[in-house]
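Since the structure comes first, as structure tokens, the remarks are kept for the end.
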Amino acid sequence: MRDLLPPEVAVAVARPQDWSGQLYAEEAAGLGERAVDSRRRDFTAGRVCARRAMAALGLPPVAVPAAEDRAPVWPAGTVGSITHTRGYCAAAVARRSEVRGVGMDAEQHKELSPGVRRLICLPEEEDRYARLPSGVSWPTVAFSAKETVYKLWHPLVGTWLDFHDATVDLDPDFGTFTARIAPARIDAAPVDRPPTRVIGRYVVDSDLVRTAAVLLPQ
Ligand SMILES: CC(C)(COP(=O)(O)OP(=O)(O)OC[C@H]1O[C@@H](n2cnc3c(N)ncnc32)[C@H](O)[C@@H]1OP(=O)(O)O)[C@@H](O)C(=O)NCCC(=O)NCCS
């Protein structure tokens, strides 16, 4: 993840001890007492990584509670993103004066079923991905890119984006993606200057697909 984001963004990837680290009371309250063990460990690793990223920026460690819709509530003056998947967790934090928004996502690198693929990709996207080099599940990369876009979009704009509300082009020569947001979602955005296009980076290995994107101040 570090290599996917510019230096203004501090990134922390979970170490083994982070999965059983400490939560602040307001974080634990949001997680709830009935959370299953795996959910508790993922949530905890995300918060521990978030605080390590804050420390890397010279910021004090503070709680990152969850809003009702599960979005992390970052401390004033900061933006951030959290992802976790089996065996992997990372958090990114930046100062709002330097970065308008950040998103990142990690997924297991495996094929999507045809039904899931149709939910995630428009037919023209599927056609484009079918022409990319073999050995990579490109719809999975697009899925991760779209989740990255949502994690960046939602804190800035506050509205929902469906998977078909962004079309993603993938460039394997550069490890980049370009997501174009549907004009209807842009027109309906209740904020000034909603992102219309998000350019991000991805990396794929045998286990994981990782994507990240940042919006710099205009
Ligand atoms: C929110 C969502 C993107 C999370 O992605 P995921 O692959 O399920 O899970 P990840 O582990 O990568 O990310 C989970 C983290 O995302 C963060 N998150 C949740 N909701 C969020 C939101 N609205 N905005 C920003 N970040 C959010 C949280 O930190 C969460 O971890 P936590 O609950 O432990 O704090 C996904 O569940 C979702 O709702 N997707 C549908 C919307 C979408 O992606 N549309 C595509 C638009 S092109």
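Exposed loop sites were defined as chymotrypsin sites (Phe, Trp or Tyr not before Pro) in DSSP loop states (anything but H, G, I, E or B) carrying at most 14 other C-beta atoms within 10 Å; in the chain the longest segment without such a site runs 1-159. The length gained by stretching the chain between ILE186 and GLU68 to full extension, at 0.36 nm per residue less their Cα-Cα distance, is 40.1 nm.
Note on ILE186: accessible area approximately 40 square angstrom, rounded to 10, probe 1.4 Å, nucleic acids and ligands left out. Let's test the formula: R0 of 22 Å, r as the Cβ-Cβ distance of LEU59 and TYR24. What FRET efficiency results, to the nearest 0.05? That pair, LEU59 with TYR24, gives E of 0.90. Ligands, DNA and RNA are left out, and with a 1.4 angstrom probe the accessible area of the chain is 51 Å² per residue.
Per atom type, segment 104-215 shows carbon and sulfur on 54% of its accessible surface, probed at 1.4 Å. Which values of log₁₀ I(q)/I(0), to two decimal places, follow from the Debye formula for segment 2-96 at q = 0.13 Å⁻¹ with a uniform point scatterer at every Cα? Normalising to I(0) and taking log10 leaves -0.39. With a cut-off of 15 Å, note down the residues of segment 148-163 whose backbone N falls inside the zone around a label point 7 Å from the Cα of ARG193 toward its beta carbon. Those under the cut-off are 156-157. Hydrodynamic estimate: the Kirkwood radius of the chain over Cα pairs, inserted into Stokes-Einstein at 25 °C and 0.890 mPa s, corresponds to D of 138 µm²/s. Dividing the summed helix terms, -39500 (n - 2.57) for each DSSP H run of n ≥ 4, by the number of residues in the chain produces a 222 nm estimate of -9500 deg cm²/dmol to the nearest 500.
Within segment 104-215, all pairs of alpha-carbon atoms sorted by distance into 10 Å bins from zero give the percentages 15, 50, 29, 6, 0.
Here the spin labels are modelled as points 7 Å beyond Cα on the Cα-Cβ line, and at ALA76 and LEU216 they lie 2.8 nm apart.
Select from VAL64, VAL149, VAL141 the residue whose mean-square fluctuation is largest in a Gaussian network model of the chain (Cα-Cα springs shorter than 10 Å). Per the Cα network of the chain with a 10 Å cutoff, VAL64 tops the list.
Can you pull the percent of segment 1-85's accessible area that's carbon plus sulfur, 1.4 Å probe, other chains left in place? Carbon and sulfur atoms account for 53 percent of the accessible area of segment 1-85.
The values are calculated or read from the model by the stated rules, or taken from the named source; none is laboratory data. Since this is a predicted model, take the numbers as computed values, not measurements. Every residue, glycine as well, gets a Cβ built from its backbone with ideal geometry; the counts of neighbours run over all protein chains shown. Calculation scope for accessible area: heavy atoms of the full protein, side chains included, ligands and nucleic acids excluded. Shrake-Rupley method; radii C 1.70, N 1.55, O 1.52, S 1.80 Å.
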